[in-house]
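Each value in this text was obtained by applying a stated rule to the coordinates, not by laboratory testing. What you see is a predicted model, and the numbers here were worked out from it, not measured in a lab. All Cβ positions, glycine included, derive from the backbone under ideal geometry; neighbour counts span all protein chains shown.
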Amino acid sequence: MAWDIVYYEAADGSVPAMQFLDGCPVKVAANLLAVLDAVAEAPPPQYSGGGKWEAMHGSMGGYYEVRATGPQREQFRLFCLLENADHDELVRRGFDGPVIAVITGLRKLWRTTLGERDYRSVRLLGDEHLSNHPRDVAK
C-alpha cells in the first residue's frame, strides 16, 4: 500500500519544504521528489534507500532525510516525519492512511556538517506540525 506525501504548512501559511525545493537547482529538486515518490510507493518501512533515504539518529531520532547532491557536490536534505497509526488516530490527524510529512529542507557545502542549531530549526517546525489535530498541510 503506497503512502501519501503531504507538506507541512506553517501557521503563517508558508510551506517550508516547498520554499526549499523552489530554491534548489531544478535537477536536484527533481531528484529529491523522485526519491520521495519511490519511498512512498515502496512504502517507507520496506524502502532500502542506498543512502538517498536515511533514518536519522540522536537528537533527530524519528526524522528521515531524503538526500541529494548538486553542483560542486553541494548537499541537499529534505526532512520528513512518518505518520502511521491506527485508522482512528490517522483520521484524527486528518489523513485517510499513512503519510510521509515533508517538513523542510536544508543545504550544506560538501564536507561540512549541519549543526545542532540547524537541526533545532527543523525540530521546531516538526513539533509544530505534530501539535496540530488535524495536521496543517498544504492543499
Residues meeting the amide H criterion for TYR63 (H placed from the backbone, H to H distance under 5 Å, 5 or more places apart or on another chain) are MET56
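Distance cut-off 22 Å, Cα to Cα: go down the list LYS27/LYS108; LYS52/LYS139; LYS27/LYS52 and report the pairs above it. Please report the intermediate quantities before stating the final value.
Working: LYS27/LYS108 17 Å; LYS52/LYS139 26 Å; LYS27/LYS52 15 Å.
Checking Cα-Cα distances, LYS52/LYS139 exceed 22 Å.
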Across region 7-14, in residue order, what do the Karplus-derived ³J(HN,Hα) couplings come to in whole Hz, using 6.51 cos²θ - 1.76 cosθ + 1.60 with θ = phi - 60° and x for Gly and Pro? 10, 4, 10, 6, 4, 7, x, 6
Measure nothing but the geometry: give the 0 to 90° angle between the long axis through the Cα atoms of 26-41 and the longest principal axis through the Cα atoms of the chain, rounded to 10°. 40 degrees
If packing is taken as the mean number of other Cβ atoms within 10 Å per residue, what is the order of 93-103, 78-88, 114-124, 16-26, highest first? 93-103, 78-88, 16-26, 114-124
Region 1-113 -> Rg/Rh from Cα coords, Kirkwood Rh, value 0.97
Based on the Cβ-Cβ distance of VAL26 and ALA85, what FRET efficiency does E = 1/(1 + (r/R0)^6) give at R0 = 35 Å, to the nearest 0.05? 0.50
Roughly how tilted is helix 116-131, in degrees to the nearest 10 and between 0 and 90, from the longest Cα axis of the chain? 20 degrees
